[in-house]
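K.L.:
The following block contains the structure, expressed as structure tokens.
The values are calculated or read from the model by the stated rules, or taken from the named source; none is laboratory data. Since we're looking at a predicted model, the values are computed, not measured. So basically every Cβ, Gly included, is an ideal-geometry build from the backbone, and we count neighbours across all protein chains shown. Accessible surface areas use protein heavy atoms only, side chains included; no ligands, DNA or RNA. Shrake-Rupley method; radii C 1.70, N 1.55, O 1.52, S 1.80 Å.
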Amino acid sequence: MIVTKDLKKHFAGHEVLRGISQHIVKGEKVVIIGPSGSGKSTFLRCLNLLEEPTGGEIIFEGKTITDPKVNIDQIRQKMGMVFQQFNLFPMKTVRQNITLAPVLLKKMSQEQADARAEELLKRIGLPDKADSYPGMLSGGQQQRIAIARALAMNPDVMLFDEPTSALDPEMVGEVLAIMKELAQEGMTMVVVTHEMGFAREVGSRVLFIDEGIVAEENTPYEFFNSPQNPRLQDFLSKVL
Amino acid sequence: MAQWFKKICDAFYNAWVPEKRYLAYLSGLRMTLRIALFAVMIGIAIGIVLAVIKVSAKHSKSKVLKALAVFANLYTTVIRGTPMIVQIMIIYNLIFTSPNSNPVVIGAVCCGINSGAYVAEIIRAGIESIPVGQMEAGRSLGLSYSMTMRTIILPQAVKNILPALGNEFISLVKETSVISVIAVNDLMKMAGYVGSRTWDVIPPYVIAAAIYLLMTLALTRLMGAFERRMAKSDRH
Ligand SMILES: Nc1ncnc2c1ncn2[C@@H]1O[C@H](COP(=O)(O)OP(=O)(O)OP(=O)(O)O)[C@@H](O)[C@H]1O
Ligand SMILES: [Mg+2]
């Protein structure tokens, strides 16, 4: 579903991604871990071209999206993204946050979008917050709504960049629960996280990104029980 | 003491009443307000265009836009880096050489060209004060750059921009006084004219100062009320 070929990215001479080749298939849950500054977010943000790669190519559903002629806005409609800082629209209600894109992009009528918002809010356990503003909600609630907002576009893949890192510990669980549910429903997911429990339980494949390359990848069981790369062993001994 | 006080009163009386001199201030005030109003409209028009160019050029690869952005940056740098009085002398002598050009137009164009540079910076700063995450969230949903700008960024930026624009208008009202160096009979010029009739320039200038102060105080009040109403409307 997503193929990257020798993906590279540098910022003003500083090489952040040094050639990543990955093949993410439909239904897979790829979890990415690695030390701070190793390029995890940059890799994820390259996948929907929020960062423009400086080398290599990305193929999504058969289309080479790194081709400058491709309409990236259309591609992004199929790729949901959830940010560490939620990035909800503060001057819009929860319902408007969820319905804004589908309606503006003429995917749904306002009525259809409202119905979809209601259904999504029920699913994330916040059916009574439709008319609240994001500023009135807790971090955990905001992040669940951010997930609902991305889902409203009916994406084929969901990208998560440390979705629980900005949350108070007691709110991490509620967000992870939604993500697990989503995984069980078969959503293709790429998740950057420090939640090792989630990686173990939900991941179909775990990547260790270190200094801009995938230094190790494996099934969660092998990855955590018999890591090969010494840097990964070191990393795991610190976080587990 | 009493004599000194009487002398001052006489001087001010002289600067205000005889020959219906108050009418001179009034006509000057009218001119000042008209110039300020048109100048602010020209300034906002120029400012919006420059700000749009500056902000969008950053995210675009278009050569034309980049070239326009260079011009826009030059414009704001030069205008903000030179005294308005110098700009006025240059613009006036450059484009208003015909003896019967309309003074309101002259004043409004001169002040508007100047104000446009400041307005552009106010708008640009207002847009750039919105966290990048907002643009990224919009783009990640598949909205185009301009769609995200219009529906998400600008509505938030306007809240920062309007108060600063109000302040810009208030200072513009004061700064139009510089226009009196050319052939425009604004409030400042009329005060000088009264002074030349009474041979005592201080009272008319003090009167002019009082009128400017009243205007800016009133405008500040107005802005304050407006901001409070805005704050109330989005207290969620
Ligand atoms: N827009 C940018 N301009 C310049 N440098 C950047 C930019 N974005 C990221 N970098 C640099 O790229 C490197 C990798 O950043 P990235 O955000 O991908 O790391 P990360 O693995 O997600 O780390 P963390 O766990 O802290 O989120 C860092 O050294 C960072 O300073
Ligand atoms: Mg990161």
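K.L.:
For the stretch A:1-84, what is the convex hull volume of the alpha-carbon atoms per residue, in Å³? Present the calculation step by step, with values, prior to reporting the outcome.
P.N.:
On the way: hull volume 8.8 nm³, N = 84.
Convex hull of Cα atoms, per residue: 105 Å³.
K.L.:
Give the residue list of trypsin sites (Lys or Arg not before Pro) in the stretch B:147-236 that are DSSP loop and have at most 10 other beta-carbon atoms within 10 angstrom. All intermediate terms of the calculation are to be shown ahead of the outcome.
P.N.:
Numbers: sites: B:Arg150, B:Lys159, B:Lys174, B:Lys189, B:Arg197, B:Arg221, B:Arg228, B:Arg229, B:Lys232, B:Arg235; in loops: B:Arg235.
Of the trypsin sites (Lys or Arg not before Pro), the ones in loops of the stretch B:147-236 whose Cβ has at most 10 other Cβ atoms within 10 Å are B:Arg235.
K.L.:
Going toward the positive end of the dipole of the protein assembly as shown, with +1 on Lys and Arg Cβ and -1 on Asp and Glu Cβ, which of A:Leu100, B:Val194, B:Ile130 do you reach last?
P.N.:
B:Val194
K.L.:
Return, ordered by residue number, the residues of the stretch A:33-48 whose backbone nitrogen is under 16 Å from a label point located 7 Å along Cα→Cβ of A:His14.
P.N.:
Label zone hits: A:35-43.
K.L.:
Right, next: With the contact rule set at Cα under 8 Å and sequence spacing of 6 or more, what percent relative contact order holds for the stretch B:12-235? Mind dumping the intermediate values first?
P.N.:
On the way: 239 pairs, mean separation 67.9, N = 224.
Taking the mean separation of contacting Cα pairs over the length of the stretch B:12-235, I get 30 percent.
K.L.:
In deg cm²/dmol and to the nearest 500, what is the mean residue ellipticity at 222 nm of the protein assembly as shown if only DSSP H runs of at least 4 residues count, each as -39500 (n - 2.57), divided by the residue total?
P.N.:
Working: 19 runs with 278 residues, N = 476.
Dividing the helical sum by the residues of the protein assembly as shown leaves -19000 deg cm²/dmol.
K.L.:
Please give the Cα centre distance for the stretch B:167-228 versus the stretch A:81-108, rounded to the nearest Å.
P.N.:
Spelled out, the Cα-based centre of one part sits 48 Å from the other.
K.L.:
In nm, give the distance between the simple-model label positions of B:Ala218 and B:Val86, each being 7 Å from the Cα along the Cα-to-Cβ direction.
P.N.:
Calculated label separation equals 3.5 nm.
K.L.:
Please state the Cα pair-distance histogram of the stretch B:32-75 with 5 angstrom bins from zero: what percent is in each bin?
P.N.:
With a bin width of 5 Å, the distribution comes to 5, 24, 23, 16, 11, 10, 6, 4, 1.
K.L.:
Can you check how the C-alpha radius of gyration of the protein assembly as shown compares to 2.2 N^0.38 Å, as a plain ratio?
P.N.:
Working: Rg = 30.9 Å, N = 476, 2.2 N^0.38 = 22.9 Å.
So the Cα radius of gyration is 1.35 times the expected 2.2 N^0.38 Å.
K.L.:
Assigning unit charges at the beta carbon (Lys, Arg +1; Asp, Glu -1) and nothing else, what dipole magnitude in debye, to the nearest 20, does the stretch B:12-235 show about its Cα centre? Each step should come with its number before you reach the end.
P.N.:
Numbers: 22 positive and 10 negative charges, 108 e Å.
In total the dipole reaches around 520 debye.
K.L.:
OK, next. Loop only by DSSP, 16 or fewer other Cβ within 10 Å of the Cβ. Give me the chymotrypsin sites (Phe, Trp or Tyr not before Pro) in the stretch A:50-130 that pass, ordered by residue number. Mind dumping the intermediate values first?
P.N.:
Details: sites: A:Phe60, A:Phe83, A:Phe86; in loops: A:Phe83, A:Phe86.
Loop-located and lightly packed - none at all.
K.L.:
Bin by bin, in steps of 5 Å, what percent of the Cα pairs in the stretch B:1-84 do you find, going until the bin that has the longest distance?
P.N.:
Pair shares across the bins are 3, 12, 12, 12, 10, 9, 7, 7, 7, 6, 6, 5, 3, 2, 1.
K.L.:
What residues have an amide H closer than 5 Å to that of A:Thr188, excluding those fewer than 5 places away on the same chain, when H is modeled at 1.01 Å from N in the peptide plane?
P.N.:
HN-HN under 5 Å from A:Thr188: A:Gly27, A:Met158.
K.L.:
Got a sec to turn the phi values of the stretch A:135-141 into Karplus ³J(HN,Hα) couplings, 6.51 cos²θ - 1.76 cosθ + 1.60 with θ = phi - 60°, whole Hz, x for Gly and Pro?
P.N.:
x, 8, 10, 6, x, x, 5
K.L.:
Ok, one more. In units of 2.2 N^0.38 Å, what is the alpha-carbon radius of gyration of the stretch A:118-240? Could you put the intermediate results ahead of the total?
P.N.:
On the way: Rg = 16.1 Å, N = 123, 2.2 N^0.38 = 13.7 Å.
This ratio for the stretch A:118-240 stands at 1.18.
K.L.:
Moving on to the next point. Which value results for Rg/Rh of chain A when Rg is the Cα radius of gyration and Rh the Kirkwood radius based on the inverse mean 1/r? It would help to have the intermediate numbers written out before the result.
P.N.:
Details: Rg = 17.9 Å, Rh = 18.5 Å.
Taking Rg over the Kirkwood Rh, I get 0.97.
K.L.:
Still on this structure, please answer the following. So what are the ³J(HN,Hα) numbers for the stretch B:86-100, from phi and the Karplus equation (6.51, -1.76, 1.60; θ = phi - 60°), rounded to whole Hz, Gly and Pro as x?
P.N.:
So the J values, rounded to whole Hz, are 5, 4, 4, 4, 5, 4, 4, 6, 7, 10, 10, 7, 5, x, 9.
K.L.:
Which one of B:Thr216, B:Thr97, B:Val17 has its Cα pushed farthest toward the positive end of the charge dipole of chain B, where Lys and Arg give +1 and Asp and Glu give -1 at the Cβ?
P.N.:
Going by the charge dipole, the pick is B:Thr216.
K.L.:
Right, next: I want to check the label-to-label distance for B:Cys9 and A:Asp6. Put each point 7 Å from Cα in the C-beta direction and report it in nm to one decimal.
P.N.:
About 9.5 nm, to one decimal.
K.L.:
Follow-up. Using a 1.4 Å probe on protein heavy atoms, which residues of the stretch B:139-172 have at least 30 Å² less accessible area in the complex than alone?
P.N.:
Residues of the stretch B:139-172 that lose at least 30 Å² of accessible area once the other chains are added: B:Arg139, B:Ser140, B:Leu141, B:Gly142, B:Leu143, B:Met147, B:Thr151, B:Ile152, B:Gln156.
K.L.:
Give the average, rounded to an integer, of partner chain Cβ atoms located within 10 angstrom of each Cβ in A:73-83.
P.N.:
4
K.L.:
Right, here's the next one. Please go through the residue pairs A:Lys69/B:Lys159; A:Lys5/A:Lys78; A:Lys92/B:Lys58; A:Lys5/B:Lys66; A:Lys122/A:Lys238; A:Lys63/B:Lys61 and name each one whose alpha carbons sit more than 30 Å apart in this structure. Mind showing how you got there, number by number?
P.N.:
On the way: A:Lys69/B:Lys159 37 Å; A:Lys5/A:Lys78 20 Å; A:Lys92/B:Lys58 27 Å; A:Lys5/B:Lys66 32 Å; A:Lys122/A:Lys238 38 Å; A:Lys63/B:Lys61 23 Å.
Pairs exceeding the cut-off: A:Lys69/B:Lys159; A:Lys5/B:Lys66; A:Lys122/A:Lys238.
K.L.:
For the stretch B:12-235, what is the accessible area per residue in Å², given a 1.4 Å probe and the full set of protein chains?
P.N.:
Values: 11680 Å² over 224 residues.
Spelled out: the 1.4 Å probe surface of the stretch B:12-235, per residue, equals 52 Å².
K.L.:
Below 8 Å between Cα atoms, with a sequence gap of 6+, how large is the relative contact order for chain A in percent? Intermediate results must be reported in sequence, preceding the final value.
P.N.:
Numbers: 424 pairs, mean separation 64.8, N = 240.
RCO, chain A: 27 percent.
K.L.:
Go through the stretch A:234-240 residue by residue and turn each phi into a ³J(HN,Hα) via Karplus (6.51, -1.76, 1.60, θ = phi - 60°); whole Hz please, and just put x for glycine and proline.
P.N.:
3J(HN,Hα) across the stretch A:234-240, in whole Hz: 4, 4, 5, 5, 7, 9, 8.
K.L.:
Which residues, if any, in the stretch A:101-137 have at least 10 Å² less accessible area in the whole protein complex than in the isolated chain, probe 1.4 Å?
P.N.:
Residues shielded by partner chains are A:Ala101, A:Leu104, A:Leu105, A:Tyr133, A:Met136.
K.L.:
While we're looking at this one, here's another question. What whole number of Å gives the distance from the Cα centroid of the stretch A:203-228 to the Cα centroid of the stretch A:14-61?
P.N.:
The stretch A:14-61 and the stretch A:203-228 have Cα centres separated by 15 Å.
K.L.:
Using amide H atoms built 1.01 Å from N in the peptide plane, name the residues 5+ places from A:Ile32, or on other chains, whose amide H lies under 5 Å from its own.
P.N.:
Those lying under 5 Å, H to H, from A:Ile32 are A:Val191, A:Val192, A:Thr193, A:Leu207.
K.L.:
Also, I was wondering about something else. Show me the chymotrypsin sites (Phe, Trp or Tyr not before Pro) within the stretch B:187-236 that DSSP assigns to loop and that have at most 12 other Cβ atoms within 10 Å of their Cβ. Intermediate results must be reported in sequence, preceding the final value.
P.N.:
On the way: sites: B:Tyr193, B:Trp199, B:Tyr205, B:Tyr212, B:Phe226; in loops: B:Trp199.
Those satisfying the criteria are B:Trp199.
K.L.:
Quick one: in the stretch B:12-235, what % of C-alpha pairs are over 29 Å apart? Provide the component values of the computation, followed by the final result.
P.N.:
Numbers: 9856 of 24976 pairs.
Percentage above 29 Å: 39.
K.L.:
Relative to a virtual label point 7 Å from the Cα of A:Glu185 in the Cα→beta-carbon direction, which members of the stretch A:12-40 show backbone nitrogen distances below 20 Å?
P.N.:
A:25-31, by backbone N distance to the label point.
K.L.:
Taking every DSSP beta bridge that has both residues in the protein assembly as shown, what percent is antiparallel when rounded to the nearest 5?
P.N.:
Numbers: 20 of 37 bridges.
The antiparallel proportion sits near 55 percent.
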